[in-house]
Structure formats: structure tokens, C-alpha cells
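Q: Once you've had a glance at the structure underneath, I'll fire off some questions.
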Amino acid sequence: MAFDSGSAAFAPWEDPGQKPLISFKSVTKRFGNFTAIDNLTLDIFEKEFFALLGPSGCGKTTLMRMLAGFEAPSEGTIMLDGQDIGPIPPNKRAVNMMFQSYALFPHLSVADNIAFGLKRSDMPKSEIAGRVEEMLSLVQLSQFASRRPHQISGGQRQRVALARSLAKAPKLLLLDEPLGALDKKLRQETQFELMDIQEKTGTTFVIVTHDQEEAMTVASRIAVVNHGKLVQVAPPDRIYEAPNSIYVADFIGDVNIIKGLAKPESDNRYAIQWCENHAPIIGTSQHAFASDDICHFAIRPEKVSITRDRPTDRTNTMQGKVLEIAYLGNISTYHVELPTGQVIKAQQANNRRISRRSFTWHDSVWLSFTDTAGVLLSQ
Amino acid sequence: MDLRKLFLILVPYSWLLALFLIPFAIVLKIALSDYAIAIPPYVPTLDGIGNWSDFKTFLSELDFENFIFLTEDELYWRAYLSSAKIAFLSTLMTLLVGFPLAYAMARAASEWRPTLMMLAILPFWTSFLIRVYAWKSILSQEGYLNQVLLWVGVIDSPLMILNTNTAVYIGIVYTYLPFMVLPVYAALEKLDDTLLEAAEDLGCSRFQAFWLVTVPLSKPGIIAGCFLVFIPALGEFVIPSVLGGSDTLMIGKVLWEEFFSNRDWPVASAVAVILLLLLILPIVLFQRNEQKQREAEK
Ligand SMILES: Nc1ncnc2c1ncn2[C@@H]1O[C@H](COP(=O)(O)OP(=O)(O)OP(=O)(O)O)[C@@H](O)[C@H]1O
Ligand SMILES: [Mg+2]
């Protein structure tokens, strides 16, 4: 987790002795002859904050719905706490879900929506009101308690849905895009609230999000899903720093991809022949490549430095011309065209005022990066 | 207000005036007149009124005698009460039959729904009178129902259903069923399935989810359906006179007899005016329900 300050890092997935809370075993889900989830195997551990990331229609909601009990797998089994949950109906599962469409009851007030699950539980009546109050203040909706869902804004509705799913303090909480409709500030506040709740209650969270930053902030692990398959499952820093494929590298954050031929040098050092009349890129890789294997060198824009003069202390340097500058406030992204026609993005913090910026359009500049700055990917 | 708006409002209002208020004024005038052996069978009439003093004598001859008579003869208030009871009970029965039907229609696969909908309104394509008479041959002692029951062995001797209140209930439920099914179906069809999933997710059984989500959300449809059945059933005349017996007391039947058997138009008109006044309350309630629903949907 990005804010993990605990003594031993939280990484139950690395410990083979740990029992997973949820375990998908070769799960396939078909709708007619369309395969939404394709032979998926995945373990999620207790107290994890597990984020599902992937393009629209890749099967994230379907995965959630199988956990909540609204869809049965076509093949394979899902275990919750060591028990096959296939035959257990949704109302008997210690799982609550926040629906992508919120699914608030239009005939009930905000407070009654939140109390709905509590009234069906064995919580004594006297405690319900207090719990509802607590949830309302958590999502900052106390003054809207008696409104109906159609009388509040979209973002407020989303918060009611969130509060309703949190109210029962389930063992497993499924959040399908819980914060999409909130403004940035409120979203960040709520993210920290969620992490706080997770810390306090030890609830396991599975969260779907389209916002990479959000996944990076809250998740203990991120699963990148595509076409119903897991492409990579790893902690945020690993996903970002060591993507296992071009797809993941490209999906999470910005990346430059340079295609070339691998020439092993020593240990895990490779020279990447990417252009005939240019020195090869020197990079390192954990995966072995044979000589002349096609490889893709992936490097994040912020790892590429941009200078006016050729730096002498960097392994890799290349000259180019500034094609475009994207000013993003705190940083700027420079699109630099190499003589080969390839465009490389380099990012630099704007620690000077814009008027005193050193480069402008059509300037000739040098790009440089170290030999460990990028990764080598085979596909 | 500009002319266009005025014109737009004028059209429905003149329609209302021509088709409701003027006939009502005529009926009210007859109700205030006295019975007479004449054509038309009441006095005074508006014929031959030439000047203002003629009109004043005409007005002075109108009185509330007929309304007072209605309170004196217990037949009338018993008929009103019994009509209300029959209308109320048959509305309840229509709901009991109609809700499951509407529910099944709304749950059916979407390609089946238009067909089911057509089946529900199919009876409207033939004459109402013919359908009510058809029930006579089903319910009579030698009718199909008794034959089937005898054949199955449920009963030993034919049941007496025709010419009883039971037949009236059956007739009303049958006739007004579509009025219940359609609004309830419209409400159920709009229901979002994820709401039921959310209810189940929060710990409801299927039945609880139905009771706590489906029923409250179909309430506007249920209320609309109940009014659409209750209001016409209260003044129903054909069904009790064709299927009911001599002891079936309904105000519509009384009204008919006053008009055509007794030829006492003034008393009959008074009965009609009171019936209309009694119907205003449920009609206003119905309108309020519709209004509330429209506001909720905004
Ligand atoms: N009930 C269903 N019948 C047929 N196809 C379905 C059904 N539910 C989902 N699908 C299909 O399965 C695929 C995965 O859907 P899912 O809702 O899981 O996507 P998602 O990853 O949640 O997308 P989004 O990010 O847009 O919410 C989609 O292509 C969708 O069309
Ligand atoms: Mg989804």
C-alpha cells in the first residue's frame, strides 16, 4: 500500500502458508456463447484492498457479481473462507456490494436506505439509528438523511450507496466504481476514509475503478484484466515499475515503447539494437532474452531526462527536437522527435516559472536515461 | 396569457362543458322537478318560457322533494351501501387476481410481453354485453362450469351460481381485470432488477425483497388500478341485472328500474346526482395519486 508504514510489509500473497479469503479456481463465465470470464484463477487474501483495473466490458462487474452471488460461474469454483460459495444465495453471504448503478431504493429516504441492511441483520433496533448516523456523517450526508434518492445529486447518491454497503461491516466488501462521480477533492477524502475503514475493521475490499491513480493510492494489489483474463496481478509499484507486458505498461500510466533486437551483454544487461545508425540502448531485464530476440524497451516519461547539452554521466543518450509541449501545471511533458522519426515523451517537473522555462518548440535537446530506468518486454 | 394558450385551454374545457356539465345540469334540473303523467314525465319544463316572470315561476316550482324522498325510503341508502360493498370487495378480488397476472407479465421474457399484453386486452375487442351474456351460459345450473365440476366429481349436484352475488363478483372481476392489470404491469415493468439484487445483497430473502421493494414500488399502479375498477363498478348496472339475482341490490340497477320501469325520471335523476357526488371523492383521490406519481417521476 502506498501509505504502508507498518513494520513488516503486508504481503500475504507471498507467503505460501497463508490461506486466501477468496479463491477463484479456473472460473469461466459465459453469457450465451460470449465468454465474459475466461478460465480465471486468483487468490485474494484477508484485509487486502484489491483493485480490478481494465477497459470497459472486460468482465470486472461480472467478477464482482459472481462473488456477490448474482451470477453462477459456468465452470470452476469460487471459495470464500475455504467454502465453495456456489450454492449459497446472496442474502446468506457475508458479502456486501455497492452497485455500479447505485441501486438505491427510490421509495425510501437516505437514512432508510442505509438502515435497510441493518434491519435485516440481528443488530438490536436501538443500535440501528446510531449506526446510520455514523454512516451518514462518514459520507458527509447528515443533513440529507430524510431526503429521497431523487432529491439529491449524483455524487450524493453515490455516497449513499457507499454508506449503505459499508453499514453492515461485511467481511468482504465489493465496490463497483464507488467514487467515479465525486469531484477530485471529495474522492481523495473518501479514498482515505476507505483506507481508514479498512485499517480499523480489517474488512477485505475488492474495488473496481477506472482511475489508475485511485488504484495506486488505495490498493494493496492491482489486477489488470483484459477480455476476461488476468494480465497481471501485483502490488501497485510492481505494476508500474515492472509491468509484465506492453499491454499493462501502456494501460497504467504513460510509457515510451521502443522495439528492437536483444543482444545479451552480461548477466541481465542487454544492448537493444533499435535503429541501424544509432548506438544501442543499454538496459537490464529480469527475464532472459536470447540473442536477436525481438524485444520492447519500455520506459516511463518521467525517467527520461531532457537537457540542452549532452549529459556525460548517463548510459543512454539520444538527440532530438522538441515537437510539442504539454503543460500540466506541476509537470510538463515534452514530445521529442528523434532523427528516426520516433517520438519519445519526457517529463520534467516545472520547478521554474513558465516564462523562464529552458526549452521551447523546435529546440534541439538531449534525452538521457540510466540503464535501469526501463524494462524489457517480450510482448 | 396569449391567444394560443387560451385557445388550447378552451378546447378541452368546451368539450367538458358540452359533454359533461350541460347533461349534468339537465339531469339536476329533472331531479329538482316533480313527477307527472306527461311527455316528458315531469314538470315544470322549459318549453314556452318567453319572459322573465315565466322563468321565475319555473324556478319556484323546482324543489328538493326527490332528494328528501331518497332519505325516507331505506331502499335507496341500502342500495348505495350494498353497491359500495360489492364494488369494494370486487376491487379487492380483482387486485388479488390481477397482481399475479401483471407480475407474471412483467417477469416474462421481453419477447413475450407484447403478446401477453395483447391477450390481456383482447376481450375489449368484442362487445361487453356479449361477454357478460356468455358468462350466463358458463355459470347457469346446466352451464359449462357445473358440467365440468360434476364431471370431475368435485360436486354431486349443480351449484347455484347464476343469479347470486357470486356471479356478480365473477362478472365484475372478469370485466374489469384489464383495468387492474395494465396499470400494475406498467409499474412493475419499470422496476429495476438491480433493486431486488441490492435488497437480497443486504440480507433479504426473495419474498422479503418482493414485499419490501416490489410491492411499495408498484403501489402507484395498484392504487390507480383499484380506482379504475372501483369507480365504474360502483355504478355498474349491466352485470348485476344480467348475472345477479333478485336480491342483488346495486344502485345502478335501482336507477335503471326508476327510469324505465317506474318512469319516475325525477327520482331516478336524484339517484344519479347522489351517485355522482359519491363518486367525486374517489375520483379526486385518484387524481391526487396520479399527480403525486408524476411528481415523483420528475
Ligand atoms: N447478463 C449478461 N448477458 C450477456 N452479456 C453480458 C451480461 N452481463 C455482462 N455481459 C457482457 O460481459 C462482458 C463483461 O461485462 P462487465 O459488466 O463485467 O464489464 P465491466 O468490466 O464491468 O465493464 P465496465 O467497466 O463498462 O463496467 C461485457 O462484454 C458484457 O456485454
Ligand atoms: Mg462494470
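Q: Roughly how far apart, in whole Å, are the Cα centres of region A:317-333 and region A:193-243?
A: The two parts, judged by their Cα centres, are 30 Å apart.
Q: Under the classification rounded if a/c is under 1.5, otherwise prolate if a/b is larger than b/c and oblate if not, where does chain B fall, given a ≥ b ≥ c as square roots of the Cα gyration tensor eigenvalues?
A: Oblate, since a/c reaches 1.5 and b/c is not below a/b.
Q: Can you list the residues of region B:64-78 with backbone N under 16 Å from a point 7 Å past the Cα of residue B:261, pointing along Cα to Cβ?
A: Counting only backbone N, you get B:74-78.
Q: Then there is this: Would you mind checking the tilt of helix A:125-138 against the longest principal axis of the Cα atoms of chain A, expressed as 0 to 90 degrees and rounded to 10?
A: Here the helix axis deviates by roughly 20 degrees.
Q: Right, another one. Compute the accessible area per residue over region A:43-95, keeping the other protein chains in place, probe 1.4 Å, unit Å².
A: Result: 38 Å² of accessible area for each residue.
Q: Another question about this same structure. So what J values fall out for region B:46-54 if you push phi through Karplus, 6.51 cos²θ - 1.76 cosθ + 1.60 with θ = phi - 60°, rounded to Hz, Gly and Pro as x?
A: 7, 5, x, 7, x, 9, 5, 6, 4
Q: Just B:71, B:94, B:248 to compare: in a GNM of chain B, with alpha carbon springs under 10 Å, which one fluctuates most?
A: Fluctuation is largest for B:71.
Q: May I ask you to list the aspartates and glutamates whose Cα is less than 19 Å away from that of residue B:219, ignoring any residue fewer than eight positions away on the same chain?
A: Output for residue B:219: A:112, B:189, B:192, B:193, B:290, B:295, B:297.
Q: While we're looking at this one, here's another question. Please calculate how many Å² of accessible area region B:73-297 carries per residue, with a 1.4 Å probe and no DNA, RNA or ligand atoms counted. Before the final figure, lay out each step's value.
A: On the way: 11600 Å² over 225 residues.
With all protein chains present, region B:73-297 gives 52 Å² per residue.
Q: According to the square roots a ≥ b ≥ c of the eigenvalues of the Cα gyration tensor, what is the shape class of region A:254-377, taking rounded for a/c under 1.5, prolate for a/b larger than b/c otherwise, and oblate for the remainder?
A: Details: a/c = 2.28, a/b = 2.00, b/c = 1.14.
Note, shape of region A:254-377 comes out prolate.
Q: Moving to a separate point now. Per residue, how large is the accessible surface of region A:254-377? Use a 1.4 angstrom probe and give square angstrom.
A: Here the per-residue accessible area is 54 Å².
Q: Over the heavy atoms of residue B:74, what accessible area does a 1.4 Å probe trace out, to the nearest 10 Å²?
A: Its accessible surface works out to 100 Å², give or take rounding.
Q: How large, in percent, is the carbon and sulfur part of the accessible surface of region A:254-377 at a probe radius of 1.4 Å?
A: Reported share for carbon and sulfur atoms: 47 percent.
Q: Which entries in the list A:119/A:200; A:125/B:292; B:85/B:136 go over 25 Å, if you measure between the two C-alpha atoms of each? Working shown, then result.
A: Working: A:119/A:200 23 Å; A:125/B:292 32 Å; B:85/B:136 23 Å.
Pairs exceeding the cut-off: A:125/B:292.
Q: On to the next question. Which whole-Hz ³J(HN,Hα) couplings does region B:72-82 yield from phi under the Karplus relation 6.51 cos²θ - 1.76 cosθ + 1.60, θ = phi - 60°, glycine and proline marked x?
A: Whole-Hz 3J(HN,Hα) from phi for region B:72-82: 7, 8, 5, 3, 6, 5, 5, 5, 4, 4, 5.
Q: Right, another one. From the backbone phi of region A:293-309, what are the Karplus-calculated ³J(HN,Hα) couplings (6.51 cos²θ - 1.76 cosθ + 1.60, θ = phi - 60°) in whole Hz, Gly and Pro given as x?
A: 5, 6, 9, 10, 8, 10, 9, 6, x, 6, 8, 9, 8, 10, 9, 7, 9
Q: Continuing with the same structure: Quick one: net charge around residue A:109, please, counting Lys, Arg +1 and Asp, Glu -1 for every other residue with C-beta under 10 Å from its C-beta.
A: +1
Q: In addition: Give me the percent of the accessible area of region A:12-248 that comes from carbon and sulfur atoms, probe 1.4 Å, all protein chains in place.
A: The nonpolar share, carbon plus sulfur, comes to 48 percent.
Q: Determine the distance separating the Cα centre of region A:97-137 from the Cα centre of region B:1-74; give it in Å without decimals.
A: 59
Q: How much accessible surface does residue A:146 have with a 1.4 Å probe, in Å² rounded to 10?
A: Ignoring ligands and nucleic acids, residue A:146 comes out at about 100 Å².
Q: May I pose another question? Extension gain residue B:14-residue B:52, at 0.36 nm per residue separation less the Cα-Cα distance, in nm? Present the calculation step by step, with values, prior to reporting the outcome.
A: Working: separation 38, 0.36 × 38 = 13.68 nm, distance 2.74 nm.
Taking residue B:14 through residue B:52 to full extension adds about 10.9 nm, to one decimal.
Q: Which residues belonging to region A:109-137 lose at least 30 Å² of 1.4 Å-probe accessible area when the assembly is complete, relative to their chain isolated?
A: Output list: A:116, A:120.
Q: OK, next. Which order do A:159, A:147, A:308 take when ranked by solvent-accessible area (1.4 Å probe, heavy atoms of all protein chains), largest first?
A: Final ranking, largest accessible area leading: A:308, A:147, A:159.
Q: Also: Using 0.36 nm per residue of separation minus the Cα-Cα distance, give me the extension gain between residue A:303 and residue A:133 in nm, one decimal.
A: 56.4 nm
Q: Name the residues whose placed amide hydrogens come within less than 5 Å of the amide hydrogen of residue A:175, ignoring near sequence neighbours (fewer than 5 apart) on the same chain.
A: Amide H neighbours of residue A:175, under 5 Å, 5+ apart: A:98, A:206, A:207, A:208.
Q: Quick one: putting +1 on the C-beta of Lys and Arg, -1 on the C-beta of Asp and Glu, what dipole do you get for chain B around its Cα centre, in Debye to the nearest 20?
A: So the magnitude is around 680 debye.
Q: Further, regarding this structure: List the trypsin sites (Lys or Arg not before Pro) in region B:187-271 that DSSP assigns to loop (not H, G, I, E or B) and whose Cβ has at most 16 other Cβ atoms within 10 Å. Which are they?
A: B:263
Q: For the pair residue A:147/residue A:331, report the inter-label distance in nm, with labels modelled 7 Å from Cα in the Cβ direction.
A: 3.7
Q: Going by a 1.4 Å probe on protein heavy atoms, which residues of region A:153-171 end up with at least 20 Å² less accessible surface in the whole assembly than in their chain alone?
A: A:164, A:168
Q: Place a point 7 Å from Cα of residue B:189 in the direction of its Cβ. Which residues in region B:78-110 have their backbone N less than 14 Å from it?
A: In region B:78-110, the label zone of residue B:189 (backbone N under 14 Å from the point 7 Å along Cα→Cβ) covers B:102-110.
Q: Can you compute the radius of gyration and Dmax for chain A, using only the Cα atoms, both in Å?
A: Calculated on Cα positions, Rg and Dmax stand at 24.5, 79 Å.
Q: Kindly compute the accessible surface that chains A and B hide from a 1.4 Å probe when together, both sides summed, and give it to the nearest 100 Å². Provide the component values of the computation, followed by the final result.
A: Working: alone 18820 and 18310 Å², together 35430 Å².
Rounded to the nearest hundred, the buried surface is 1700 Å².
Q: Evaluate peptide B:202-214: per residue, the Cβ atoms of other protein chains within 10 Å of its Cβ; return the mean as an integer. Display every interim value, and only then the final one.
A: Numbers: counts 19, 13, 6, 4, 3, 0, 2, 3, 0, 0, 6, 6, 0.
The shielding value for this peptide is 5.
Q: Where a Cα-Cα gap under 16 Å defines reach, which lysines qualify for residue A:303, not counting those fewer than 8 residues away within the same chain?
A: Correct list for residue A:303: A:345.
Q: For region A:1-98, just say rounded, prolate or oblate: build the C-alpha gyration tensor, square-root its eigenvalues into a ≥ b ≥ c, call rounded for a/c under 1.5, and beyond that prolate if a/b exceeds b/c, oblate if not.
A: Prolate, since a/c reaches 1.5 and a/b exceeds b/c.
Q: Using a 1.4 Å probe on the protein chains only, how many percent of the accessible area of chain B belongs to carbon and sulfur?
A: Ligands and nucleic acids excluded, carbon and sulfur reach 70 percent.
Q: Where does the protein assembly as shown land on Rg/Rh, using Cα atoms and the Kirkwood Rh?
A: Radius of gyration relative to Kirkwood radius: 1.19.
Q: Using a Gaussian network model of chain A with C-alpha springs under 10 Å, which one of A:241, A:127, A:213 is most mobile by mean-square fluctuation?
A: Highest fluctuation among the options: A:127.
Q: Also: Please list, or write none, the lysines whose alpha carbon is within less than 22 Å of the alpha carbon of residue A:229, excluding same-chain residues fewer than 8 places away.
A: A:25, A:29, A:60
Q: Taking a temperature of 25 °C and a viscosity of 0.890 mPa s, what whole-number D in µm²/s does Stokes-Einstein yield for region B:211-298 with Rh from Kirkwood over alpha carbon pairs?
A: 161
Q: Under 13 Å from a point 7 Å along the Cα-to-Cβ line of residue A:259: which residues of region A:285-317 have their amide N that close?
A: Counting backbone N atoms under 13 Å from the label point, the list is A:294-297.
The values are calculated or read from the model by the stated rules, or taken from the named source; none is laboratory data. Bear in mind that the values here come from a model prediction, so they are computed numbers and not experimental data. Note that each Cβ is placed from the backbone with ideal geometry, even for glycine, and that neighbours are counted across all protein chains shown. The accessibility values were calculated without ligands, DNA or RNA, using every heavy atom of the protein model including side chains. Shrake-Rupley method; radii C 1.70, N 1.55, O 1.52, S 1.80 Å.
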